[in-house]
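Structure incoming, see below.
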Amino acid sequence: MTATTTIPATGRAKEKADDAPILSGAQMILRALTELGVEVVFGYPGGAVLPIYDEIFKQDKIKHILVRHEQAAAHAAEGYARTTGKPGVVLVTSGPGATNAVTGLTDALLDSIPIICLTGQVARHLIGNDAFQEADTVGITRPCTKHNYLVKDTERLPDIIHEAFYVGTNGRPGPVVIDLPKDVQIEKAPYRRSGQRGEHRTYRPQLDGDELALREAAAALARAERPIVYSGGGIINAGPEASELLAEFTRLIGAPITNTLMGLGAYPASDKQFLGMLGMHGTWEANHAMHDCDVMLAVGARFDDRVTGRVDAFSPGSTKIQVDIDLSSINKNVPVDIPIIADAGRALKRLIEIWHEEGYAKSQPDLAPWWAQIEHWRTKKCLSYKDSDEVILPQKSLERLAHFTKGKDAIFSTEVGQHQMWAAQFLGFDKPNRWLTSGGLGTMGYGLPAAIGAQIAYPDRLVIDVSGEASFQMNMQELGTIAQYELPVKIFIMNNEYMGMVRQWQDLSYDGRRSHSYSESLPDFVKLAEAYGIKGIVVEDPAKLDEAILEMINHDGPVLMDCRVAKIENCFPMVPAGAAHNEMLLAGDVIGKPKDDDALAVV
Amino acid sequence: MKEIGTIARHTISVIVDNEAGVLARVTGLFSGRGYNIESLTVAEVDHTGTRSRITVVTSGTRMVIEQIKAQLDRLVPVHKVADLTIDGTFVSRDMALVKVSGSGERRVEALRIADTFRARTVDASVNSFIFELTGSTEKIDAFVELMADLGLVEVARTGAVALSRGPSGL
């Protein structure tokens, strides 16, 4: 709104009112990051961040991981953030460095992942001049960040960096960009914080839910004959304690629970009250239970279109309770009866207390008929598939992968497509922060860099990127990063030679016209791995699948596994485009074309 | 999402930090999420120059209006969001400069109508006037419509600014 001002702050910088150290902007950045407990930065150098890279060179507190593309830096930071609960930090140069990071920023925005992205910018006097490697980074990233800053005054740097971390990690987390003109990085100024700590002048998320609403919610659940808990990524963001409270409350009320794609791991998948994932490729029992429930408790979930299916047919008869830290998530897609604006963990803690205070356990209706109905739905065995001796079924490969990684506390990332949905259906997570996937944006190429971020955070853990051959190629340059840092990431490519989900939709909705969905000219993945000094494995024979998976897991170092799976296998169950939850398709159903163009328009 | 419910016009006041880019955040939110802007005004409103007040007139279903307010409220530089339309009664004013050219009877008629509307004449030449008119959006619409037949050349409008009635403020 105002034009860029270029008044240098040099005059003020020379005042020495106190003993604040005089630092260059670049030194301030490193100092602030150290104060904030940052241990790792994922980045890629360039002209407009040279002063910062020079400071990185001179210190050893903060580790820098050199990626091979800025998009990967952002996804690696997401993987780091999602596994550790701490914000991921990205450092990229101006212009193309910043624009390459945009996909990762948007991904983090949609999945509410806290990442802080430092971007270089041309010197203040050059801004707006179409200078070399200049881009309007704050303009470009405004809609794809939670907030962003262009630092025009070097003295403001310490406050801005601290504020950026506050904004990125508090409330509903998200990506924050700090755009740093090169002359600001060089200019010296006193390192001084204005004293504003803990609380932000305008941004103050509401953490404790309204007591009346919480009581109303507990009472509704206590009266429910067919209750269900539907939890999402917000539970993961609220920290591991929130997941424990979720499990405690769910067990207390005896209700079935379903998780969204982003929420997997918040409730133990091996528990009998768990119905699996819901939504477009969710389980038969989860979607039917959501449709038929009388009281729904949504926690940290946003009624995404992949979850609801046709909105006007979504869980038509239920009283809906929604706990979310973000007011804008309430009543966005689905009208909610009892909204509770709160941190998920705190709200659950209070709900548990109220449940005990009111002695609801005694007055609760008998849930046995509801569970009998659920058991009936379960008999559908909706994830079953027809196995084969001749070809590896993708579902089978994941079942075996889940089997051999059991008890190893592995972290899984995925790319986007069929393999992602199968991974969500078959891997089974008992704990949070072990599942990294691009849910909202659906970014092919997310999984490999996310796995790198997770492996950097936990060097000794087993980290596996479940991938497809098409997604893998979107960020396969990161094999270089894996090789450089000797990261023992396992890449499990479920190679069906198709962009499988695109092919599936073309077969279901476009009369099988497989327009450009075949993965032509694939590389020899084993040779590709070997070119980076990484172990490559190929497996095609179902009889050798177990052996290959064990070889991958047991190898001390990175492995790229080319698991050749059945080419034309569809991912089921599926709620077809424009359909309601209880109109799911299972494997073997006769599949008709969508009813009308409206349905076809639903992506 | 299929729209359910009636569409209503709302006047929303937003107090923001007066910093670079804040207007772009607000307008970007409206365009990015497909909300309608009927008018939008913004200016600094405190003597220290740190806060601005945005008045935005928009329309939508109840759910959309709720979303607009929630989305505005979570922007970091936003201090307060108030929906004047549902919070009580409020005063809303729009200002317009209206240039009319003509001679003879049409010129006299334009002046007569301007007088009826209590418009001020802020510029005059032998064959033109600029009228300054303040009032509700509807009043200005009516005035501009009448001028259309009397030599209307061009119009500049501020868009609505509004305050709630009574002693309290945002």
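Throughout, read-outs are computed from the coordinates displayed, never taken from laboratory work. Note that this is a predicted model, so its numbers are computed, not measured. Every residue, glycine among them, receives a Cβ derived from its backbone with ideal geometry; neighbour counts consider all protein chains shown.
On alpha carbon coordinates alone, what is the Rg over Rh value for the range B:8-87, Rh being the Kirkwood radius?
That ratio is 0.94, to two decimals.
If Lys and Arg each add +1 and Asp and Glu each add -1, what is the summed charge of the other residues whose beta carbon sits under 10 Å from the beta carbon of B:Asp83?
Taking every Cβ under 10 Å from that of B:Asp83, the sum is -1.
When the convex hull of the Cα atoms of the range B:92-163 is projected onto a plane and the area is averaged over all directions, what value comes out in nm²? Don't skip to the end; give the middle numbers.
Numbers: hull surface 16.8 nm².
So the Cα hull casts an average projection of 4.2 nm².
Also, I was wondering about something else. Between B:Thr6 and B:Thr61, 0.36 nm times their residue separation minus their Cα-Cα distance comes to what?
Length gained between B:Thr6 and B:Thr61: 19.2 nm.
Stokes-Einstein at 10 °C, 1.306 mPa s, Kirkwood radius from Cα pairs: D for the range A:394-564 in µm² s⁻¹?
Diffusion coefficient, whole number: 99 µm²/s.
Which FRET efficiency value, to the nearest 0.05, do you get for A:Arg204 and A:Lys63 by plugging their Cβ-Cβ distance into 1/(1 + (r/R0)^6) with R0 = 22 Å? Kindly include the intermediate steps, with their values, before the conclusion.
Working: r = 33 Å, r/R0 = 1.51.
In this case the efficiency is close to 0.10.
Nearest-5 percent of antiparallel DSSP beta bridges in chain A?
5 percent
Among B:Met147, B:Met63, B:Met95, which one shows the biggest mean-square fluctuation in a GNM of chain B, springs joining Cα atoms closer than 10 Å?
In the Gaussian network model the winner is B:Met63.
Related question: Give B:Lys99/B:Lys139; A:Lys86/A:Lys406; A:Lys86/A:Lys535; A:Lys320/A:Lys431; A:Lys349/A:Lys396; A:Lys408/A:Lys535 a once-over and call out the pairs whose C-alpha atoms are over 28 Å from each other.
Values: B:Lys99/B:Lys139 16 Å; A:Lys86/A:Lys406 26 Å; A:Lys86/A:Lys535 31 Å; A:Lys320/A:Lys431 26 Å; A:Lys349/A:Lys396 39 Å; A:Lys408/A:Lys535 21 Å.
The answer is A:Lys86/A:Lys535; A:Lys349/A:Lys396.
For the range B:84-170, which trypsin sites (Lys or Arg not before Pro) are in a loop by DSSP, counting at most 13 other Cβ atoms within 10 Å? Please report the intermediate quantities before stating the final value.
Values: sites: B:Arg93, B:Lys99, B:Arg106, B:Arg107, B:Arg112, B:Arg118, B:Arg120, B:Lys139, B:Arg157, B:Arg165; in loops: B:Arg118, B:Arg165.
Here the sparse-neighbourhood loop sites are B:Arg118, B:Arg165.
To test your reading of the geometry: what angle, between 0 and 90 degrees and rounded to tens, separates the Cα axis of helix A:96-110 from the longest principal axis of chain A?
Once rounded, one gets 40 degrees.
For the protein assembly as shown, what is the calculated [θ] at 222 nm in deg cm²/dmol (nearest 500), taking -39500 (n - 2.57) for each run of four or more DSSP H residues and dividing by its residue count?
Theoretical 222 nm ellipticity from helices: -10000 deg cm²/dmol.
Given the range A:293-450 reduced to its alpha-carbon atoms as identical point scatterers, what log10 I(q)/I(0) does the Debye formula return at q = 0.10, 0.19, 0.20, 0.21 Å⁻¹?
Listed by q, the Debye log ratios stand at -0.55, -1.39, -1.39, -1.38.
Starting from the 7 Å offset along Cα-to-Cβ, what nm value, one decimal, do you get for the label separation of B:Arg120 and B:Glu154?
2.2 nm
While we're here: I need the P(r) histogram for the range A:518-594: all alpha carbon pairs, bin width 10 Å from 0 out to the longest distance, whole percents.
Answer for the range A:518-594: a P(r) of 15, 31, 22, 22, 10 percent.
After finding the eigenvalues of the alpha carbon gyration tensor for the range A:338-409, what semi-axes result from the square roots of 5 times each, listed largest first in whole Å? Please list the in-between numbers first.
Details: eigenvalues 322, 86, 28 Å².
Over the Cα atoms of the range A:338-409, the ellipsoid semi-axes are 40, 21, 12 Å.
I'd like the projected area of the protein assembly as shown, averaged over all directions, using the convex hull of its alpha carbons. Report it in nm² with one decimal.
Average projection, Cα convex hull of the protein assembly as shown: 39.6 nm².
Counting alpha carbon pairs within less than 8 Å and at least 6 residues apart, what relative contact order, in whole percent, applies to chain B?
Details: 318 pairs, mean separation 44.3, N = 170.
Value for chain B: 26 percent.
Something else about it: Would you kindly calculate the mean projected area, averaged across all directions, of the convex hull enclosing the Cα atoms of the range B:15-161, in square nanometres?
Numbers: hull surface 42.7 nm².
Result: a mean projected hull area of 10.7 nm².
Could you tell me, in Å, what Rg and Dmax come out for the Cα atoms of the range A:211-378?
14.1, 39
Separate question: Just in the range A:60-112: which trypsin sites (Lys or Arg not before Pro) are loop by DSSP and have at most 15 other Cβ atoms within 10 Å?
Qualifying residues, ordered by number: A:Lys61.
Enumerate the whole-percent occupancy of each 10 Å bin, from 0 to the last occupied one, for all C-alpha pair distances of the range A:10-190.
11, 42, 37, 10, 1
Let me check I've understood the local charge: for B:Ser39, count other residues with C-beta under 9 angstrom from its C-beta, Lys and Arg +1, Asp and Glu -1. What total comes out?
Result for the neighbourhood of B:Ser39: -1.
Given a Förster distance of 25 Å, report the FRET efficiency between A:Asp546 and A:Lys386 from their Cβ-Cβ distance, rounded to the nearest 0.05. Working shown, then result.
Details: r = 19 Å, r/R0 = 0.78.
With R0 = 25 Å, the Cβ-Cβ based efficiency is 0.80.
Any idea how far apart A:Asp524 and A:Glu583 come out in nm if each label point goes 7 Å out from Cα toward Cβ?
For the pair A:Asp524/A:Glu583, the computed spacing is 5.0 nm.
Using only Cα atoms and rounding to the nearest 10 degrees, what angle (0 to 90) does helix B:137-147 make with the longest principal axis of chain B?
Orientation of helix B:137-147: about 30 degrees from the principal axis.
I need A:Thr119, A:Thr34 ordered by Cβ neighbour count within 10 Å, fewest first.
A:Thr34, A:Thr119
Now a separate question. By counting other Cβ atoms within 10 Å of each Cβ, how are A:His75, A:His419 ranked from fewest to most?
Ascending number of Cβ neighbours within 10 Å: A:His419, A:His75.
Considering Cα pairs under 8 angstrom that are at least six residues apart, work out the relative contact order of chain A and quote it in whole percent.
Numbers: 1346 pairs, mean separation 80.5, N = 603.
It comes to 13 percent, rounded to a whole number.
Sort A:Glu187, A:Glu530 so the one with the fewest other Cβ atoms within 10 Å of its own Cβ comes first.
A:Glu530, A:Glu187
Hey, what angle do you get for helix A:368-378 against the long axis of chain A, alpha-carbon based, 0 to 90 degrees rounded to 10?
For A:368-378 against chain A, the angle is about 80 degrees.
Next question. At a Förster radius of 60 Å, what calculated FRET efficiency corresponds to the Cβ-Cβ distance of B:Arg93 and A:Glu241, to the nearest 0.05?
0.70
On alpha carbon coordinates alone, what is the Rg over Rh value for the range A:386-492, Rh being the Kirkwood radius? It would help to have the intermediate numbers written out before the result.
Working: Rg = 13.4 Å, Rh = 14.0 Å.
Reported Rg/Rh, Kirkwood definition of Rh: 0.96.
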